[in-house]
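The values are calculated or read from the model by the stated rules, or taken from the named source; none is laboratory data. Nothing here was measured: the structure is a model prediction, and the numbers come from that model. Here the Cβ is made from the backbone with ideal geometry for all residues, glycine too, and neighbour counts use every protein chain on show. Keep in mind that these areas ignore ligands, DNA and RNA; they rest on the heavy atoms of the full protein, side chains included. Shrake-Rupley method; radii C 1.70, N 1.55, O 1.52, S 1.80 Å.
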Amino acid sequence: MSESFESKKVIIAGGSSGIGLATAAKLAGEKAHVTVTGRSAARLADAAKIIPGIHTAALDSGNRKDLNAFFDTRGNFDHLVIAVSGSKGAGKFADLPLEELRDGFEGKFWPQLNTLQAALPYVNKGGSITLITAISAISRAPGVSGLAAINGALELMIPSLAKEIQPLRINAVSPGVVNTPWWDFLPADVKDDTFAKYAAQLPVGRVGEPDDVADAILFLIRNGNVTGTVVRCDGGLSL
């Protein structure tokens, strides 16, 4: 059965911008009690202004001691969304410094698993956990083998974890090209040109927006009959 989010307690790790922030806004709009974590106090302050009523907590998801203390203080809750991400690991393999790939794992893979493991004792029976991966896990495109390793490793764990932690549910959403701050490493004109080129190739005719992915996340949280699944929300990029 699908459920109402009213009065449900939801924690969004890495939710101070982009997909995580869009998800927080939708959940708050349905009267959930939302707590957003992130490393940047400034971004968290901005998030609280954008979505009045949410709670924020400055937290580094790579620090297990701090994660343990955070979840112990917060106590039981209903749903967890792990939107923690990093920016390293892309590039042609022959030229990719393996230290950068290691940094990519340290920026996303390990923080997501640390958050998941630290949170498990506190997620209420009937609750859910949703990871945010990326379509690079299966895209087979040149220059994304490192990103494929990071996101593919997370996705491969989902079915096994679903059996291990039942009746808790765990799923993942795999976005494609989405207009988020992740792309801000590019100059504005280059980013616009990049998005235009992707839009011309995608079956849906446009790049994704954070709200698109947030809708997929809410579906997985709400639907009590879905677990062990990776939902592709990529505009057809993987086709």
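Points to keep in mind about this one:
- Flag if Asn68 is touching a strand residue (DSSP E or B) at 6+ places or on another chain (Cβ under 9 Å), more than 19 Å from Ile19 (Cβ to Cβ) and either open to solvent by 90 Å² or more (accessible area, probe 1.4 Å) or in contact (Cβ under 8 Å) with a residue 24 or more places away in the chain (or both): no
- Only one of the numbered conditions (1) crowded, with 17+ Cβ neighbours inside 10 Å; (2) farther than 22 Å from Leu21 by Cβ is violated by Pro121, and that is (1).
- The set of residues in the range 79-112 being surrounded by fewer than 17 Cβ atoms within 10 Å (Cβ to Cβ) and assigned to a helix (DSSP H, G or I) consists of Phe93, Ala94, Asp95, Leu98, Glu99, Glu100, Arg102, Asp103, Glu106, Trp110.
Yes/no per residue for (1) modelled with pLDDT of 95 or more; (2) in a strand (DSSP E or B); (3) on the phi > 0 side of the Ramachandran plot; (4) in contact with a strand residue (DSSP E or B) (Cβ under 7 Å, 6 or more places away or on another chain):
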site: Ser4; (1), (2), (3), (4): no, no, no, no
site: Ser16; (1), (2), (3), (4): no, no, no, yes
site: Ile19; (1), (2), (3), (4): yes, no, no, yes
site: Ala22; (1), (2), (3), (4): yes, no, no, no
site: Lys26; (1), (2), (3), (4): yes, no, no, no
site: Val36; (1), (2), (3), (4): yes, yes, no, yes
site: Ala45; (1), (2), (3), (4): yes, no, no, no
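- Here Pro52 clears all of (1) open to solvent by less than 50 Å² (accessible area, probe 1.4 Å); (2) assigned to a loop (DSSP other than H, G, I, E, B); (3) free of Cβ contacts under 8 Å to residues at least 40 places away in the same chain except the condition numbered (1).
- Scanning the range 175-200 for residues that are touching a residue at least 24 places away in the same chain (Cβ under 8 Å) and part of a helix (DSSP H, G or I) yields Pro181, Trp182, Phe185, Tyr198.
- For the range 128-145, a residue qualifies if it is assigned to a helix (DSSP H, G or I) and surrounded by fewer than 24 Cβ atoms within 10 Å (Cβ to Cβ), and the qualifying residues are Ala137, Ile138, Ser139, Ser145.
- Residue satisfying all of: in the range 16-43; of a type in the set (S, T, N, Q) and touching a residue at least 60 places away in the same chain (Cβ under 8 Å); surrounded by the fewest Cβ atoms within 10 Å (Cβ to Cβ) among these: Ser17
- For Ala57, the conditions (1) under 21 Å from Trp183 (Cα atoms); (2) open to solvent by less than 70 Å² (accessible area, probe 1.4 Å) are fulfilled apart from (1).
- Verdict on Glu155 being open to solvent by 10 Å² or more (accessible area, probe 1.4 Å), of a type in the set (Asp, Glu) and in contact (Cβ under 8 Å) with a residue 40 or more places away in the chain: yes
- Qualifying residue in the range 227-239 (condition: without any contact (Cβ under 8 Å) to a residue 40 or more places away in the chain and within 17 Å of Gly18 (Cβ to Cβ)): no
- Search result, residues across the range 201-227 that are aliphatic (A, V, I, L, M) and not in a helix (DSSP H, G or I): Leu202, Val204, Val207, Val226
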